[in-house]
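The values are calculated or read from the model by the stated rules, or taken from the named source; none is laboratory data. Here the structure is a predicted model, which is why all the values come from computation and not from measurement. Note: ideal-geometry Cβ built from the backbone for every residue, glycine included; neighbour counts use all protein chains shown. Ligands, DNA and RNA are excluded from the accessible area calculation, which covers all protein heavy atoms including side chains. Shrake-Rupley method; radii C 1.70, N 1.55, O 1.52, S 1.80 Å.
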Amino acid sequence: MVREGSSIDKALAVLEAIAEHHRVTDIAAATGVSKSTVHRILQSLVEWGFARADGRGGYEPGPRILTLAGRVMNRFDPARQASGALNALHERIGYTTHFAIRSGDEAVYVDKLEGRRPYQMPSRIGMSLRLHCTAIGKAVLAQLGADEVRAICARTGMPTPTANTLATPEELLADLALVRSRGYAIDDEENLPGVLCVGAPVFDHTGQVLGGISISALAMDMSREDVEQFAPEVVSAAREVSAALGAPGAPVPNG
């Protein structure tokens, strides 16, 4: 529903509604805008190419939306869109904070904020990471089907860099079920000895998992109590990043 008397809000609401509704009556019901006003707005959108008649008495998105979307996506930088939530998380927690995007059977760091600690994590922007033994990787895998997870494991193998690394698809799938139930993944010294990470998934504008964000620290500096305390903040920040990337159903950030 839109604010009373705001013509711009009404036009934007109608433009958004035609992605799911086609008939004037349905658009009016979805937006709370009167049918006469909806019809008037639709005529303007048709003239501008943002809508078109579907030949059955309804309307659908027009070609200019695709043109505009293509121009926007060409300039779209996920790391820049995520920077606000990442910086806020880093300020609140102080551990090293990462944002990584899935690239095929691995993920790649696209942003890193070093923790306020007397040590540094060995990660770097542009570095790839395994999916089966990292917090971000497991957060991503938890959003995929079991068959796809098994296929990825078959292609990449499941190297065991530490004694804690999950070594079989069955072990991994059991852990991914826990990830889904609690909303975040834990790398319990599974990728690097002595390093603990907590990660949560990030979704793109199509609703598909894009990557994830994480906090990392030496295990001696991040207790189990710290994990339980900070994991909800990682999940919340991941949702903010998803919203900034236009994920369906994600809450729109204020400001």
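So which residues in region 88-107 are open to solvent by less than 10 Å² (accessible area, probe 1.4 Å) and over 16 Å from Q120 (Cβ atoms)?
Hits for region 88-107 are L89, F99, A100, A107.
Can you list the strands (runs of 3 or more DSSP E) lying wholly within region 175-237 that have 2 or more residues being touching a Cys at 6+ places or on another chain (Cβ under 6 Å)?
Where strands (runs of 3 or more DSSP E) fall fully within region 175-237 and carry at least 2 residues being touching a Cys at 6+ places or on another chain (Cβ under 6 Å), they are 209-218.
Any idea which of (1) open to solvent by 30 Å² or more (accessible area, probe 1.4 Å); (2) under 26 Å from Q81 (Cβ atoms) is the one D188 doesn't satisfy?
(2)
So which residues in region 193-217 are buried (at least 19 other Cβ atoms within 10 Å of the Cβ), closer than 20 Å to R116 by Cα and of a type outside the set (S, T, N, Q), if there are any at all?
V195, L196, C197, V198, G199, I213, I215, A217
Among the residues of region 115-144, how many are modelled with pLDDT of 95 or more, in a loop (DSSP other than H, G, I, E, B) and of a type in the set (G, A, S)?
Of the residues in that region, 1 qualify.
Grab the strands (runs of 3 or more DSSP E) fully contained in region 12-113, keeping just those with 1 or more residues being within 25 Å of A238 (Cβ to Cβ), among the aromatic types (F, W, Y) and modelled with pLDDT of 90 or more.
It comes to 96-103, 106-113.
Just one of G207, G183 is in contact (Cβ under 8 Å) with a residue 40 or more places away in the chain, closer than 17 Å to R102 by Cβ and not hydrophobic (A, V, I, L, M, F, W, C); which is it?
G207
Out of (1) exposed (fewer than 15 other Cβ atoms within 10 Å of the Cβ); (2) touching a strand residue (DSSP E or B) at 6+ places or on another chain (Cβ under 9 Å), what's the single condition that is false for L45?
Checking L45 against (1) exposed (fewer than 15 other Cβ atoms within 10 Å of the Cβ); (2) touching a strand residue (DSSP E or B) at 6+ places or on another chain (Cβ under 9 Å), the one that fails is (1).
Name the single residue, out of those in region 138-168 being without any contact (Cβ under 8 Å) to a residue 60 or more places away in the chain and buried (at least 17 other Cβ atoms within 10 Å of the Cβ), that is nearest to C197 (Cα to Cα).
Filtering first and then ranking leaves T165.
In region 238-250, how many are within 14 Å of F99 (Cβ to Cβ) and in a loop (DSSP other than H, G, I, E, B)?
Matching residues across region 238-250 total 1.
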